[in-house]
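Report on the structure given below.
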Amino acid sequence: MARHHHIIRTALAIAGAASLVALAACSSAPPAEPGASGEPAAGGGETITVGFSQVGAESGWRAANTKSIQDTLTTENGFELSFSDAQQKQENQISAIRNYIAQGVDVIAFSPVVETGWDAVLQEAKSAGIPVVLTDRAVDTTVEDAYVSFIGSDFILEGEMAGEWAAEQYDGEGYKVVELQGTTGSAPAIDRKEGFAAAIDGTDLEIIDSQTGDFTRDGGKKVMEGFLTAHDDIDLVFAHNDDMGLGAIEAIEAAGKVPGEDIKIITIDAVKDGMQALADGKINYIVECNPLLGPDLADVIKKVVAGEEVEERIVVKDEAFDQEAAKAALPDRQY
Ligand code: GZL
């Protein structure tokens, strides 16, 4: 039976409004008036210019996330979107954000590839009076009120959901676990690792190896090949995303073992390819990470530009699926 974690939006309002006022107060430029770009938009409002810096195109999740943002921040919906793909390099994101500041966009949004190293560019956006919205991943910054809202899943909970299921299913069998970590220094990799470890603490599951596969299918395959060479007693793979889990399946099959049986697999994302492998019995459990952040982003941006209160933290709800639940859910999956 699928487990459902309905994490509802955390309310906050005041801090969001305060941060907006603080932004305006700290900046040298006057606060962006609604529709600063001036062109009329559909529905009578002003067109809102948005600069978005995306992590890259590393996984099925990222492709679905990009589609959601580009399908929502359209001209018809009142936006003029500038979109950049950083190919998973922080320096590319920083230069893209600087370009958006130079263009004088109304709002900047981005999914930070890693948690740290953003202070300078976030201060520059704040000084330019341009509100920043975070999607998907969090930042660790000393800049006060660096962003007006962060929209994304609770990655620690996702790791806990994966670990709790593993504990329920496999505790008492002396399972040896290998972990395919996401991008080093990224919020999902740090938090999913933390959540999973906490959930299996006190069981006899043991993580015997852990390495980054950088959230890619090829990375997962290469690291799993190394694990299979180094260890002959692997019982379970915990992969921080479906794509690395799918790469691990290739490596396990090439080694003459049966994924989902000889070596169990738990992943996070629940994108279509992962859900298909789950339905086919090659993966045993998937915790969802909903990539469809476009509508929430559009809503927050419109409110920010209109000077309305926004929730500082919007936690996206996630579900989880076992093999039976995947078979039932597959026909209706949007991604
Ligand atoms: C999670 C997102 C992660 C996905 C990966 O919100 O940042 O990055 O889990 C993606 O598939 O590469």
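Readers should treat all values here as calculations from the given coordinates under stated rules, not as data from a laboratory. As the structure is a computational prediction, the values presented were derived from the model and not from experiment. As a convention, Cβ positions derive from the backbone with ideal geometry for all residues, glycine included, and neighbour counts pool all protein chains shown.
What are the residues in the stretch 216-233 that are over 23 Å from Ala279 (Cβ atoms) and either in contact with a strand residue (DSSP E or B) (Cβ under 7 Å, 6 or more places away or on another chain) or assigned to a helix (DSSP H, G or I) (or both), if any?
First, pick out the residues of the stretch 216-233 that are over 23 Å from Ala279 (Cβ atoms): 218-219, 222-223, 225-233.
Hits for the stretch 216-233 are Asp218, Gly219, Lys222, Val223, Glu225, Gly226, Phe227, Leu228, Thr229, Ala230, His231, Asp233.
Taking strands (runs of 3 or more DSSP E) that do not extend beyond the stretch 96-215, which have at least 3 residues that are touching a residue at least 40 places away in the same chain (Cβ under 8 Å)? Can you show your working first?
On the way: elements: 107-110, 132-135, 149-152, 176-181, 206-212.
Qualifying strands (runs of 3 or more DSSP E): 107-110, 149-152, 176-181.
Limited to the stretch 245-281, what total is found for residues that are part of a loop (DSSP other than H, G, I, E, B) and buried (at least 23 other Cβ atoms within 10 Å of the Cβ)?
Selection size over the stretch 245-281: 2.
Filter the stretch 44-62 down to the residues that are in contact (Cβ under 8 Å) with a residue 12 or more places away in the chain and part of a helix (DSSP H, G or I), then identify the one that is farthest from the ligand (Cβ to nearest atom). Outline the logic, then answer.
Of all residues in the stretch 44-62, those in contact (Cβ under 8 Å) with a residue 12 or more places away in the chain come to 45-62.
When the remaining residues are screened for being part of a helix (DSSP H, G or I), the result is 60-62.
Details: Gly60: 7, Trp61: 3, Arg62: 5 Å.
Out of the qualifying residues, it is Gly60.
Would it be correct to say that Gln87 is within 16 Å of the ligand (Cβ to nearest atom), surrounded by fewer than 18 Cβ atoms within 10 Å (Cβ to Cβ) and not charged (D, E, K, R)?
Considered against the rule, which asks whether it is within 16 Å of the ligand (Cβ to nearest atom), surrounded by fewer than 18 Cβ atoms within 10 Å (Cβ to Cβ) and not charged (D, E, K, R), Gln87 comes out as yes.
Among the residues of the stretch 114-133 satisfying the criterion of being within 16 Å of the ligand (Cβ to nearest atom) and surrounded by fewer than 24 Cβ atoms within 10 Å (Cβ to Cβ), which is nearest to Thr216 (Cα to Cα)? Explain how you work it out, then say what you get.
Narrowing the stretch 114-133 to residues within 16 Å of the ligand (Cβ to nearest atom): 114-116, 118, 133.
From what's left, surrounded by fewer than 24 Cβ atoms within 10 Å (Cβ to Cβ): 114-116, 133.
Values: Val114: 16, Glu115: 19, Thr116: 21, Val133: 26 Å.
If we take residues in the stretch 114-133 being within 16 Å of the ligand (Cβ to nearest atom) and surrounded by fewer than 24 Cβ atoms within 10 Å (Cβ to Cβ), then Val114 is nearest to Thr216 (Cα to Cα).
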